[in-house]
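Please treat every number below as a calculation from the coordinates, not as lab data. Keep in mind that this is a model prediction, so the values were computed, not measured. Positions of Cβ are backbone-derived with ideal geometry, glycine not excepted, and every protein chain shown enters the neighbour counts.
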């Protein structure tokens, strides 16, 4: 049996980097033996909540209003094929990469989170109910 992608194993399907300044709800203690780089969460809902929360921060703090802007910050080109990532996410949301979106809108942020999870992990293993629960934790 193949092992799950790291983001799924860590309940961090957005592959959010660990930063000691961030104290996410539901975040497990840092353990460099288990995971050196990424956060780990007690459940997928808390990992998805962190993903959605971070997208909101990107939009409010950095004024990133498009899929292109958000994904360029989420997945920098130094370690990703960001243009392919942007295009894949925009296609899944049925928007143009430079079209303004509003991540404070529940449907939009859940759709964006689903697209990011699929791109980061190669799969979307969570139900709509899991995303709804994560959104309710914001």
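Annotations
- Förster radius 25 Å - calculated FRET efficiency between residue 57 and residue 91 (Cβ-Cβ, nearest 0.05): 0.55
- Axis angle, to the nearest 10 degrees, between helix 44-62 and the longest C-alpha principal axis of the chain: 40 degrees.
- Once C-alpha pairs closer than 8 Å and six or more residues apart are averaged by separation and normalised to the residue number of the chain, the relative contact order reads 26 percent.
- Calculation over all alpha carbon pairs of the chain in 5 angstrom steps from 0 returns a P(r) of 2, 11, 21, 24, 22, 14, 5, 1, 0 percent.
- Max mean-square fluctuation residue, GNM over the chain, Cα-Cα springs under 10 Å, options 36, 114, 65: 36
- In the elastic network of the chain, a GNM with C-alpha springs shorter than 10 Å, the most mobile of 72, 15, 81 is 81.
- Between helix 106-121 and the chain there is an angle of about 60 degrees, using the helix long axis and the longest principal axis of the Cα atoms.
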